[in-house]
1. Restricting the search to the range 198-239, which residues are in contact (Cβ under 8 Å) with a residue 60 or more places away in the chain, in a helix (DSSP H, G or I) and open to solvent by 20 Å² or more (accessible area, probe 1.4 Å)?
2. Restricting attention to the range 286-303, which residues are in contact with a strand residue (DSSP E or B) (Cβ under 9 Å, 6 or more places away or on another chain) and surrounded by fewer than 17 Cβ atoms within 10 Å (Cβ to Cβ)?
3. Could you look through the range 7-34, keep only residues that are β-branched (Val, Ile, Thr) and farther than 12 Å from Phe104 by Cα, and pick out the one that is most open to solvent (accessible area, probe 1.4 Å)?
4. Mind checking which pairs have a first residue in the range 146-174 that is among the small types (Gly, Ala, Ser) and a second that is open to solvent by 10 Å² or more (accessible area, probe 1.4 Å) and part of a helix (DSSP H, G or I), Cβ under 6 Å, 6 or more apart or different chains?
5. Criterion first (under 17 Å from the mean Cα position of the chain (by Cα) and either modelled with pLDDT under 95 or among the basic types (Lys, Arg) (or both)) does Ala318 satisfy it?
Amino acid sequence: MNFPATMRALQQTSLDGPQDMRLITDAPVPVPGRGEVLVRVLAAGVNFADLSRACGTFGNGPQPPYRAGFEAAGEVVAVGEAVTGLPPGTRVAGVGEGAFAEYFVLPAAAAMPVPAGWSAEQALGLVVNRPTALAALKPLGRVAAGQTVLVHAAAGATGQAAVTLAKHYGATVIGTASTGKHDTVRALGADHVLDSRGGHLAADVLPLTGGAGVDLVLESVGGPGFAASLAAAKPVTGRVVVYGLAGGEASLTNWELVYRYPVQVIGLNIGTLIRSAPGMFGELMGELSALVAAGVLAPARPVTYALADGPAALAELAARTTTGKLALLP
């Protein structure tokens, strides 16, 4: 397949935030190396990790100037050495560097086929948000039928997947969201929805659990709300899976774990899980594929922006004014 030598791409020029992301029109189209494929991007996913990278708070994040974005779906247009089974024309989704562009390179082993009948933008989230939600619930959170799960940011892309999956596994779900998003969370099947800005999370959760606390917290907020998540978990057996820090860093001391918050705290970074526990990740993606095939997880319906509007999309994500998945269309 033919493709140009240069392309449009978004480049992050500082660590001061997405306002310093610039559209460049003459970026070289990358060349796939051994074990890689070149993908024509049809839709790129916007994630909180993009904000963290732009603000310099992402662990071992890229240094500017760098091509922004890491999640995309599109069409294979070229393959590197030792790549089989992904001929040009194959539609895939995956994670690689520089996804906010017209083309990006993807490791062939990490390329997930777009499900039949799904558009590229509908497939966004299959390699980031939904695996994160499933990992937090199942292998790490050990969710079981009859348990109660507290899902933060329940109207976001990962939160929506978590609510849907937790209900599928038989849990009672308490979601948090700003008041304007409560109907969205209820429509997903959440049993209770709390105001994420109410400031009394633990006190609000206890009456809903008979005073016992929740069995599992999916914690993506961080900042001042982190302590409330710990306090909302059931003592001793309660689990808090931490996979985000949208509200900033929060500290937790060993004294607090022993005396104030005697709960199980588990960290989750999907990239680390892929690298350090590939067997677990393979099982996770197998279960995810089965859930998609069974119709438990429907195609995403992202809010779309033009590629040039990437900084605006990230600003809206930072301001918590968005719902669900966000996508850039080159």
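The values are calculated or read from the model by the stated rules, or taken from the named source; none is laboratory data. The structure presented is a predicted model; accordingly, all values stated were derived computationally and were not measured. We place every Cβ from the backbone using ideal geometry, glycine too, and count neighbours over all the protein chains shown. What goes into the accessible areas is simple: the full protein's heavy atoms, side chains included, and nothing from ligands, DNA or RNA. Shrake-Rupley method; radii C 1.70, N 1.55, O 1.52, S 1.80 Å.
1. Passing the criteria: Leu208, Gly225.
2. Ser289, Arg301, Val303
3. Only one residue tops the list, namely Thr25.
4. Sorted first by the residue in the range 146-174, then by its partner, the pairs are Ala155/Lys181; Ala155/Thr184; Ala157/Asn129; Ala161/Asn129; Ala161/Arg130.
5. Working: under 17 Å from the mean Cα position of the chain (by Cα): yes; either modelled with pLDDT under 95 or among the basic types (Lys, Arg) (or both): yes.
So Ala318 passes the test.
Residue-by-condition table, conditions (1) more than 19 Å from the chain's Cα centre (by Cα); (2) open to solvent by 40 Å² or more (accessible area, probe 1.4 Å):
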residue	(1), (2)
Tyr261	yes, no
Thr272	no, yes
Pro278	no, yes
Tyr305	no, no
Asp309	yes, yes
Ala313	no, no
Lys325	no, no
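Rundown of residues vs (1) farther than 29 Å from Thr57 by Cα; (2) out of contact with any Cys (no Cβ under 9 Å at 6 or more places or on another chain); (3) of a type in the set (S, T, N, Q), yes/no style:
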{"residue": "Ser178", "(1), (2), (3)": "no, yes, yes"}
{"residue": "Arg186", "(1), (2), (3)": "yes, yes, no"}
{"residue": "Asp191", "(1), (2), (3)": "yes, yes, no"}
{"residue": "His200", "(1), (2), (3)": "no, yes, no"}
{"residue": "Leu206", "(1), (2), (3)": "yes, yes, no"}
{"residue": "Glu219", "(1), (2), (3)": "no, yes, no"}
{"residue": "Ser229", "(1), (2), (3)": "no, yes, yes"}
{"residue": "Ala233", "(1), (2), (3)": "no, yes, no"}
{"residue": "Tyr243", "(1), (2), (3)": "no, yes, no"}
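Yes or no, residue by residue, for (1) assigned to a strand (DSSP E or B); (2) open to solvent by 50 Å² or more (accessible area, probe 1.4 Å):
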residue	(1), (2)
Gly74	yes, no
Leu86	no, no
Glu97	no, yes
Val105	yes, no
Pro115	no, no
